[in-house]
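Trainee: The structure under discussion is supplied below as C-alpha cells; questions concerning it will follow.
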Number of protein chains: 2
Amino acid sequence: MNPVENKQFERELGERLATSGFRFTSQRRQVYDVLLQKLDHPTTEDVFIRAKRKMPDISHATVYNCLDALVQCGLVRKVQLERGATRFCPNMEEHAHYYCDECGEVFDVSLPAERPSVPQPRGFKVDHYEIAVHGLCADCAGKKK
Amino acid sequence: MNPVENKQFERELGERLATSGFRFTSQRRQVYDVLLQKLDHPTTEDVFIRAKRKMPDISHATVYNCLDALVQCGLVRKVQLERGATRFCPNMEEHAHYYCDECGEVFDVSLPAERPSVPQPRGFKVDHYEIAVHGLCADCAGKKK
DNA sequence: CTAGGTGCAAAAGGTTTGCGGTTAA
DNA sequence: TTAACCGCAAACCTTTTGCACCTAG
C-alpha cells in the first residue's frame with residue numbers, strides 16, 4: 001500500500017469505527033489489513049498468526065475483539081462454513097460462498113440482484129442471508145476420480 | 001408411535017443404515033427417534049439429554065457417533081447456524097432455515113422448485129446448498145420495539 | 001466369531017471472561 | 001482525564017480420540 005492509499009485507508013477505517021462507537025487502535029487496523037491482504041476467508045487463528053508477523057505482541061483475545069468490532073461496524077462478515085472455526089471475509093457485497101469440503105477452499109460468487117421470492121415466517125424481520133454451497137472444487141473433484 | 005408404525009420405522013431405519021454399511025443399534029434408533037419427536041433443530045447436547053431420558057446409559061460420544069451415521073446415510077441434515085454447537089434436523093427436503101438471532105428459534109421454509117441460476121466456479125461439483133436467513137422472529141421483533 | 005459400535009475419560013480445539021495495566025479521544 | 005481497549009491466563013464449551021468391553025450380522 002502506498003502512503004496515499006494508506007492515509008485514505010486509515011481515515012475510512014477510523015470513521016467507520018467511530019460511527020459505531022469504537023476507537024481506532026493499531027490492532028484493529030492491523031487485523032483489518034490482514035483481512036484485506038488475502039481474501040481467503042481466514043479463521044480467527046489464521047488472522048492471529050498473520051497479524052502476529054507484523055505485530056508480535058498482539059494476543060488471541062484482542063484478535064477476537066477486533067474481529068468482533070469490525071463485524072459490528074459492518075466492515076467484515078462472519079461466515080460459518082464447517083464445524084470448525086468461524087471464518088471472516090471483508091467482502092460486504094451480497095454473495096454466496098462455494099466451499100470445498102475436501103480442501104476447505106472458499107470461492108465467492110456474487111448473487112444476482114433479483115432474488116427469488118421465498119416464502120417467509122409471518123413477522124420475521126430479516127437481518128441477513130447466508131448462502132453456502134458445499135461440494136468439491138475442480139481440483140479436488142479431479143483427484144477423486 | 002403404535003406397534004405397526006414402530007415396526008415400519010425400525011425396518012426403514014435398518015435398511016437405510018445397512019445400505020451405507022452401518023449396523024442397526026438401539027442407540028441409533030433412539031437418537032433418530034429423538035430427532036423425529038420434536039423438529040426443533042436440537043444441538044448434540046439437546047439430543048444427548050433427550051436420549052438419556054429413555055436410555056440413561058447412552059454417552060456423549062455415542063450421540064456424536066450416531067448423529068454422524070444418520071447424516072452419512074442421508075436421514076438427517078447437519079446445520080450450522082451460529083457460533084455455537086452444530087444443530088440437526090431430519091427434514092431432508094430442500095429448505096431454508098430462518099434463524100432468530102435473539103431467541104435461537106428455527107423455522108423451516110421450503111424452497112421453490114425453481115432455483116435462480118447463480119453463476120458458479122468452473123468445475124465445482126455441488127453436493128448441497130445451505131441457506132440460512134438470520135434476523136428476528138415476530139415475537140422478538142415485537143419485544144425489541 | 002469378529003468387525004464395528006459403545007461407554008468412559010481425557011485431550012484437543014475454539015471461544016469467552018476477568019483483571020490489572022495502557023491508551024485514544 | 002477516563003472509559004474503552006489491550007495482553008495474559010484461566011475457564012468454558014464443543015468435539016475428537018484412545019482404549020477396553022460388548023454386540024449385530
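Trainee: I need the full set of residues from the range A:65-87 which are of a type in the set (A, V, I, L, M, F, W, C) and within 26 Å of B:Arg87 (Cβ to Cβ), in order please.
Mentor: Passing the criteria: A:Leu67, A:Val71, A:Val76, A:Val79, A:Leu81, A:Ala85.
Trainee: For the range A:47-62, how many residues are among the small types (Gly, Ala, Ser) and crowded, with 18+ Cβ neighbours inside 10 Å?
Mentor: The total comes to 1.
Trainee: Related question: Test each condition in (1) within 12 Å of the chain's Cα centre (by Cα); (2) farther than 25 Å from B:Val133 by Cα; (3) more than 16 Å from DNA strand C (Cβ to nearest atom) for B:Pro90 and report the one that comes out false.
Mentor: (2)
Trainee: Note down all Cβ pairs under 6 Å where the first residue falls in the range A:49-65 and is assigned by TED's automatic domain parsing to the domain that holds A:Val31, the second is within 7 Å of DNA strand D (Cβ to nearest atom), and they're at least six residues apart or on different chains.
Mentor: Going by the 6 Å Cβ cut-off, the qualifying pairs are A:Ala51/A:Ile58; A:Lys52/A:Ile58; A:Ile58/A:Gln27; A:Thr62/A:Gln27.
Trainee: Still on this structure, I have one more. Restricting to the range B:83-113, name every residue that is free of Cβ contacts under 8 Å to residues at least 40 places away in the same chain and either facing chain A (nearest Cβ under 7 Å) or of a type in the set (S, T, N, Q) (or both).
Mentor: Listed by number, the residues that qualify are B:Arg83, B:Ala96, B:Tyr98, B:Asp101, B:Phe107, B:Val109, B:Ser110, B:Leu111, B:Pro112.
Trainee: Here is a further query. Among the residues of the range A:102-130, write down those that are open to solvent by less than 30 Å² (accessible area, probe 1.4 Å) and among the β-branched types (Val, Ile, Thr).
Mentor: Result: A:Val106, A:Val109.
Trainee: A further question on this structure: Sort through A:Leu17, A:Leu75 and tell me the only one that's more than 11 Å from chain B (Cβ to nearest Cβ), surrounded by 12 or more Cβ atoms within 10 Å (Cβ to Cβ) and within 14 Å of the chain's Cα centre (by Cα).
Mentor: A:Leu75
Trainee: Now for a separate question. Would you check if B:Thr44 is over 21 Å from B:Ala132 (Cβ atoms), among the β-branched types (Val, Ile, Thr) and surrounded by 13 or more Cβ atoms within 10 Å (Cβ to Cβ)?
Mentor: It is false that B:Thr44 is over 21 Å from B:Ala132 (Cβ atoms), among the β-branched types (Val, Ile, Thr) and surrounded by 13 or more Cβ atoms within 10 Å (Cβ to Cβ).
Trainee: Within the range A:28-47, work out how many residues are in contact with a helix residue (DSSP H, G or I) (Cβ under 7 Å, 6 or more places away or on another chain) and either near DNA strand C (Cβ under 9 Å from one of its atoms) or within 14 Å of chain B (Cβ to nearest Cβ) (or both).
Mentor: Selection size over the range A:28-47: 1.
Trainee: Can you tell which of A:Leu67, A:Leu111 is within 14 Å of DNA strand C (Cβ to nearest atom) and not hydroxyl-bearing (Ser, Thr, Tyr)?
Mentor: A:Leu67
Yes/no per residue for (1) at pLDDT below 95; (2) open to solvent by 50 Å² or more (accessible area, probe 1.4 Å); (3) near DNA strand D (Cβ under 9 Å from one of its atoms):
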position: A:Arg28; (1), (2), (3): no, no, yes
position: A:Asp33; (1), (2), (3): no, no, no
position: A:Leu70; (1), (2), (3): no, no, no
position: A:Val79; (1), (2), (3): yes, no, no
position: A:Asn91; (1), (2), (3): yes, no, no
position: A:Glu94; (1), (2), (3): yes, yes, no
position: A:Cys100; (1), (2), (3): yes, no, no
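The values are calculated or read from the model by the stated rules, or taken from the named source; none is laboratory data. None of these values were measured; they are calculated from a predicted model. Using ideal geometry, Cβ is built from the backbone for each residue, glycine included, and neighbour counts are taken over all protein chains shown. Accessible surface areas use protein heavy atoms only, side chains included; no ligands, DNA or RNA. Shrake-Rupley method; radii C 1.70, N 1.55, O 1.52, S 1.80 Å.
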